[in-house]
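Notes follow the structure.
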Amino acid sequence: MENILKLTNMSIQFGGLKAIDSLDLEVNDREIVAIIGPNGAGKTTAFNCITGIYTPTSGMIEFLGKSILNVKPETITKRGIARTFQNIRLFKDLTVFENVLIAVHLRYNDNIFTSAFRINYKQEQDMREETKRLLESQDLFKYRNDIASSLPYGIQRRLEIARALATKPTLLLLDEPAAGMNPQETMELTAYIKKIRDDFGLTILLIEHHMDLVMDISERIYVIDFGKLIAKGTPEEIQNNQKVIDAYLGVDENA
């Protein structure tokens, strides 16, 4: 199975705090892999390293067999890594259609401000048609003229994922996609993530606190605590791992 993402002995330190400590992690083609751990364990920091927001203090990050250390975030996106955020980051005053169209534009051009001077009418029409097809495939076209901030929370989350899909990623990083969702919305999101993996041939790495979603959707799980990897394995192996149980439930020091 082809290796898509590989972290080798990756560490990052902020002052005296080691936020990630010698993390090894691999994600293979078309897998859904989860990173779990208590709040403050370093999960989002790992995502920020993968996407170029932070530069690791030491170690290696490889995407499709090539190093992406010291590569700018926008270049990493163009190479095929897209992400969503725990706190939804849409262009809240723009329409659904405009949110996705901007992502399509950025794939063709360096940035949205220069794109208007670099495309012709035919290319613009092609991008608008591509945006329409993507929204239709994600059952979002009916909201195309709605302002993003006016949408229900669950639809906003799906729009953020659709915008990430517009960059045509190989690897999709989802940072707590079920945050703020009720049980019904979480169940629908679980099915949705599986569907986009299959429909788009994606590899997915996600951070999530909803254990029902993680156990249902993940082929493999990595568990980190205080920046260190404490367990990895299948959902069944993780559920029965005493180190994981201790990290989540705490250890009775008097026992």
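The values are calculated or read from the model by the stated rules, or taken from the named source; none is laboratory data. Bear in mind the structure is a predicted one, so any value in this text is a computation, not a measurement. Note that we place each Cβ from the backbone using ideal geometry, even for glycine, and neighbour counts take in every protein chain shown. Just so you know, the surface numbers come from the protein's heavy atoms only, side chains and all, with ligands and any DNA or RNA stripped out. Shrake-Rupley method; radii C 1.70, N 1.55, O 1.52, S 1.80 Å.
Descriptive notes on the structure:
- Using alpha-carbon coordinates, inclination of helix 96-108 to the longest axis of the chain, degrees: 80
- The local environment of E188, defined by Cβ-Cβ distances under 14 Å, has a net charge of 0 under the rule Lys, Arg +1 and Asp, Glu -1.
- For the stretch 58-65, the Karplus equation 6.51 cos²θ - 1.76 cosθ + 1.60, evaluated at θ = phi - 60°, returns couplings of 7, x, 9, 10, 10, 10, 6, x Hz by residue, with Gly and Pro reported as x.
- In order through the stretch 186-191: 3J(HN,Hα) via Karplus (6.51 cos²θ - 1.76 cosθ + 1.60), integer Hz, x for Gly, Pro: 5, 5, 5, 5, 4, 5
- Within the chain, helix-based [θ] at 222 nm, where runs of 4 or more DSSP H residues each add -39,500 (n - 2.57), nearest 500: -11500 deg cm²/dmol
- Built amide H within the under 5 Å cut-off of R83, gap 5+: L173
- The value of relative contact order for the chain, using C-alpha pairs under 8 Å at least six residues apart, is 27 percent.
- Carbon + sulfur, % of accessible area of the chain - ligands and nucleic acids excluded, 1.4 Å: 50
- Listed residue (G37, I102, I68) projecting farthest to the positive dipole end of the stretch 1-122, Cβ model: I102
- Distance between the modelled labels on T234 and T95, one decimal in nanometres: 4.9 nm (7 Å Cα→Cβ projection).
- Accessible area in square angstrom per residue, the chain, 1.4 angstrom probe: 50
- Each DSSP beta bridge with both residues in the chain is either parallel or antiparallel, and the antiparallel ones are about 55%.
- Rounded if a/c under 1.5, otherwise prolate or oblate - the chain, Cα gyration tensor axes: prolate
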